[in-house]
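The values are calculated or read from the model by the stated rules, or taken from the named source; none is laboratory data. The shown structure was predicted, so the numbers you read here are calculated from the model rather than taken from an experiment. Cβ sites come from the backbone with ideal geometry, for glycine too, and all protein chains shown count toward neighbours. Heads up: the accessible areas ignore ligands, DNA and RNA and are worked out on the full protein's heavy atoms, side chains in. Shrake-Rupley method; radii C 1.70, N 1.55, O 1.52, S 1.80 Å.
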Amino acid sequence: MDPEGSRIRVFVTDGRGRPARAPGLAAWLARVAPKGAPPELSVALVSDQRIRALNRQYRKKDHATDVLSFEPADLAIATGVARRQAREAGHGYTDELKILALHGLLHLMGYDHHARSDGGRMARLERRLRAKGGLRAGLIERASTERADEAVRESACRGVRGAKPLG
């Protein structure tokens, strides 16, 4: 299967069906979406409070997350979380929305970087599509870097009685 080259219609809303401002997001995602993407996709930009409620309801996790995917073709992105992550990553809010929307779309399509059986397929496809769209590192790379940084901090404390990881 050639994972690139699809065109989809993307609708960006405020979570209540009204159009939301996210300059360039819909066009960008439609341009980089892989083959096999749904023909239409709804991206709801919601509050952190709303995504926390959705995360609690559907995943039994009582905290705000950045993006949730709902079959057949809906994404919810937490605007507050996206703004914080954009600042931490050193890029703009619009770029973060693109990263989150692409990541969520790939999950909708059945990719799962958390599954051992994925074997890095989602990360490779996400990287290729982001590059096609002119974006740097995405969620999977950031999570990998954060885990590596944490492992370094933890390993630096091994063998030292009473030491705790930094940060």
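What number of residues within the range 99-138 satisfy the criterion of being of a type in the set (Gly, Ala, Ser) and crowded, with 18+ Cβ neighbours inside 10 Å?
Taking the range 99-138 as the starting set, the residues that turn out to be of a type in the set (Gly, Ala, Ser) are 101, 104, 110, 115, 117, 119-120, 123, 131, 133-134, 137-138.
Remaining after also requiring crowded, with 18+ Cβ neighbours inside 10 Å: 101, 104, 123, 138.
Matching residues across the range 99-138 total 4.
Of all the listed residues (GLU40, GLU96, GLU88), the sole one being in contact with a Lys or Arg (Cβ under 9 Å, 6 or more places away or on another chain), open to solvent by 20 Å² or more (accessible area, probe 1.4 Å) and closer than 22 Å to LYS132 by Cα is GLU40. Restricting attention to the range 43-69 and to residues that are part of a loop (DSSP other than H, G, I, E, B) and in contact with a helix residue (DSSP H, G or I) (Cβ under 8 Å, 6 or more places away or on another chain), the residue that is surrounded by the fewest Cβ atoms within 10 Å (Cβ to Cβ) turns out to be ASP62.
When PRO72 is tested against (1) at pLDDT 95 or above; (2) in a loop (DSSP other than H, G, I, E, B), only condition (1) is not met.
Anything in the range 15-37 that is outside any helix (DSSP H, G or I) and within 16 Å of ALA73 (Cα to Cα)? List them, or say none.
Of everything in the range 15-37, those that are outside any helix (DSSP H, G or I) and within 16 Å of ALA73 (Cα to Cα) turn out to be GLY15, ARG16, GLY17, ALA33, PRO34, LYS35, GLY36, ALA37.
Inclusion of ARG83 among residues that are charged (D, E, K, R), surrounded by fewer than 18 Cβ atoms within 10 Å (Cβ to Cβ) and either assigned to a loop (DSSP other than H, G, I, E, B) or touching a residue at least 12 places away in the same chain (Cβ under 8 Å) (or both) is warranted.
Residue-by-condition table, conditions (1) modelled with pLDDT of 65 or more; (2) part of a helix (DSSP H, G or I):
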| site | (1), (2) |
| --- | --- |
| LEU105 | yes, yes |
| TYR111 | yes, no |
| HIS114 | yes, no |
| LEU125 | yes, yes |
| LEU129 | yes, yes |
| LEU135 | yes, no |
| ILE140 | yes, yes |
| ALA151 | no, yes |
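Can ARG147 be described as of a type in the set (D, E, K, R), at pLDDT 90 or above and over 11 Å from the mean Cα position of the chain (by Cα)? No; evaluated as a whole, the condition is false for this residue.
One line per residue, one yes/no per condition, for (1) within 13 Å of the chain's Cα centre (by Cα); (2) more than 17 Å from ASP14 (Cβ to Cβ):
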position: ALA27; (1), (2): no, yes
position: ASN55; (1), (2): no, yes
position: LEU75; (1), (2): yes, no
position: GLU96; (1), (2): yes, yes
position: HIS103; (1), (2): yes, yes
position: HIS107; (1), (2): yes, yes
position: ARG127; (1), (2): yes, yes
